[in-house]
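What follows is a set of notes on a single structure, which appears directly below.
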Amino acid sequence: MKVKTARLTMRPFEQDDFADTFAIYQRADVCRYLLHEPWTTENAQAAFTKKIQAQQLTQETSLQIAVCLQETVIGGISVFYTEMRETLEIGYVFHPAYSGKGLATEALRTVITELFQEYTVHRIQAILDKRNQASEKICLRLGMRKEGDFKEDFWNKGEWSDTLVYGILAKEWQNETIRTNR
């Protein structure tokens, strides 16, 4: 997948993206709500190689998308099929230096539109740690519906956390896109 907006380019990760990507994932504040710890010099290359290899979305493989502002990777979007028929899960990470500018929303709106247009997808969901209020705000700006609010259902990094599930159907996305483009 390669798509552009007025400000951003979303494309597969490339080898030259390592330094920018490491700058994002080595941060404890970025990884706080992720399933893994911050990248270190010892494990970063192996983790980054997995991103480079995930360039096609299939039932068996995820798609890893670099979000670039000019030539700088400012974030990443992960997409994979769930066990439910025609359902994708989307995850996203952005460098905090670029927050508050609408870039994450812009990137995700474009990628979600592309996913609904290019794949046979009935529904897209985002599953997030409830403490990640910035991520929840993005889901709301995208017109996603809160479908679940699970209390202390996930053990991660030595503590229980609450989980939120947001989702949107293809038919809802089409209506949301029509409304936001007017």
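Over the chain, DSSP H runs of length four or greater, each weighted -39,500 (n - 2.57), average out per residue to a 222 nm ellipticity of -9000 deg cm²/dmol.
Take every pair of alpha-carbon atoms less than 8 Å apart whose residues are at least six positions apart; their mean separation over the length of the chain yields a relative contact order of 17 percent.
Pull out a ≥ b ≥ c, the square roots of the eigenvalues of the alpha-carbon gyration tensor of segment 55-115, then state rounded if a/c is under 1.5, prolate if not and a/b is larger than b/c, and oblate in the remaining case. The shape class here is prolate.
Gain on full extension, evaluated as 0.36 nm per residue between GLN59 and THR5 minus their Cα-Cα distance, stands at 16.7 nm. Shape class of segment 1-74 from the alpha-carbon gyration tensor: oblate, with a/c at 1.5 or above and b/c at least as large as a/b. Ordered by solvent-accessible area of protein heavy atoms (1.4 Å probe), largest first, the residues TYR92, TYR166 come out as TYR92, TYR166.
In the context of the full protein assembly, HIS95 retains an accessible surface of approximately 40 Å², using a probe radius of 1.4 Å and ignoring ligands and nucleic acids.
For Rg/Rh (Cα atoms, Kirkwood Rh), the value computed from the atomic coordinates appears in the list (i) 1.08; (ii) 0.94; (iii) 0.99 under label (ii). Ligands, DNA and RNA excluded, the heavy atoms of THR41 present near 110 Å² of accessible surface to a 1.4 Å solvent probe. Rounded to the nearest 20, the size of the Cβ-charge dipole of segment 81-182 about its Cα centre is 460 debye, with Lys and Arg at +1 and Asp and Glu at -1. With 19 Å as the limit on Cα-Cα distance, the pairs of LYS4/LYS101; LYS50/LYS101; LYS101/LYS171 that go past it are LYS50/LYS101; LYS101/LYS171. For the set GLU37, GLU147, GLU71, the ranking by accessible area, highest first and with no ligand, DNA or RNA atoms included, is GLU71, GLU37, GLU147 under a 1.4 Å probe. Under the classification rounded if a/c is under 1.5, otherwise prolate if a/b is larger than b/c and oblate if not, where does segment 75-182 fall, given a ≥ b ≥ c as square roots of the Cα gyration tensor eigenvalues? Judged from the Cα gyration tensor, segment 75-182 comes out oblate (a/c at least 1.5, b/c at or above a/b). Placing +1 on the Cβ of every Lys and Arg and -1 on the Cβ of every Asp and Glu, with no other charges, gives the chain a dipole of roughly 700 debye about its Cα centre.
For the residues ASP17, ASP162, ASP153, a 1.4 Å probe over the protein chains yields an accessible-area ranking, largest first, of ASP153, ASP162, ASP17.
The values are calculated or read from the model by the stated rules, or taken from the named source; none is laboratory data. Just so it is clear, the model here is predicted, and its values are computed rather than measured. Ideal geometry is used to build each Cβ from the backbone, glycine not excepted, and the neighbour counts take in all protein chains shown. Just the protein is used for accessible areas: all its heavy atoms, side chains included, with ligands, DNA and RNA removed. Shrake-Rupley method; radii C 1.70, N 1.55, O 1.52, S 1.80 Å.
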